[in-house]
Every structure is written in structure tokens, then in C-alpha cells.
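Data first, discussion second: the structure below is written as C-alpha cells.
Just so it is clear, none of the values below were taken in a lab; they were calculated from the coordinates. Being a predicted model, the structure only gives us computed values, none of them experimental. We place every Cβ from the backbone using ideal geometry, glycine too, and count neighbours over all the protein chains shown.
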Amino acid sequence: MVSTRTLRPEPDTDYTADAVFAWQRLMPDEVDVSALEATLRLRRACILLEEHLRGSLRDVPHLDNFGDYEVLSLLRRRGKPVTPGALAKRLHVTKAGITGRLKRLEAHQLIRMDGDKSDGRKRQVALTGAGRRVADRAFRALHRSQRDFFARLEPIDRHALTDALHRLLVQHEDGPEPD
């Protein structure tokens, strides 16, 4: 059964409202716009948040992109070396993608690769002292940026958003970081 939910806000108020109203108008008997609206709003929020966060990393040395920070952040939280394959899996990137990140970070001496150089599966990625300092500095910069991004939401709305996203992600993710 198709949702008869009344949409708000009105068309022309934001990008997502325009798209949702257009699809509802084009396929009024076929489209439940509630999932479409949630998807478009979540994707749009992610794009805007990434742009906002990227700006906060500009002053952090040796971080070429947000993906490089993700590697440092994961290593910092774990506190022990991790294989490149485990990093790739946890960060949802290809092995080629993680290889590029690791090469950049190693060139800046933020990580070191330990283990058998002839067999990449046996290698371990470890954070250096400089990598830990950069990760901590980036975390602080991102934390300020995140607070700024969500400042327009009341605390109760932030909590409701966080709770809803948590419930959604628990259903779709693999679980906590592997050891």
C-alpha cells in the first residue's frame, strides 16, 4: 500500500523536498515517498557534513583527505597494529583504495608497515608517534566542526537523530571493530 503521508516542507524549500514532491506527483499511486525522503535527506546531509568536515582538516599537516584521517582514527582507537585487509574491510574501501591511503600515510611517516614485505597479508599497519599526534589534532578539529554543524539542532533532536541512525546501522553493519 502506498503511503498517503502529507509531505513537509512545501516544494521549493529545499533540494530534497523538490525531488520528493516531483516523484510523488509523477507516480502518485506507486511511490511511498517516506523511504525516498529519508534516503535523499540522509545522502544530502552526508554530502554537506563531509564538505564541512573536510574544511576542518585543512590546517592539520599531512592529511590529504578525509579517508587518510579515517585510517589514522581507526588505528588510534584500536591502539594496536592492524592488517591492511582488516582496515579495508572496516573502512569499506577496496584493497587498492587502502593501499593508496597507506602509501600516503607512510610517506608522511604517520604509519609504519611491519612484517613480511613479500606477503602483504602478513603485514601489520601501526601508528607512529607522529601519526598519533596528527590523529589527535585532527580529532579535535573534527570535533569542533561536528559541534558547529549540528549546533542548529536542539539536544533532544540530536539525540533522536543519533538513536534512529543507531537502530538503522545496527541492522545493516557487520558489528563492532574486529580484534
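For the range 33-125, relative contact order (Cα pairs under 8 Å, six or more residues apart, normalised by length) works out to 22 percent.
Per-residue ellipticity at 222 nm computed for the chain from its helices equals -20500 deg cm²/dmol, with DSSP H segments shorter than 4 residues left out and the rest contributing -39,500 (n - 2.57).
The coefficient of translational diffusion for the range 39-97, derived via Stokes-Einstein from the alpha carbon Kirkwood radius under 37 °C and 0.692 mPa s, stands at 252 µm²/s. Sequence-distant contacts, meaning Cα pairs under 8 Å at least 6 residues apart, place the relative contact order of the chain at 18 percent. Among P81, P28, P61, the largest mean-square fluctuation in a Gaussian network model of the chain (Cα springs under 10 Å) belongs to P28. Ordered by the number of other Cβ atoms lying within 10 Å of each residue's own Cβ, fewest first, K103, K89 fall into the sequence K103, K89.
Expressed in Å, the radius of gyration and Dmax of the Cα atoms of the range 95-160 are 17.5, 53. A convex hull fitted to the Cα coordinates of the chain yields 160 cubic angstrom per residue.
The separation of the range 132-152 from the range 66-114, counted between C-alpha centres, amounts to 19 Å.
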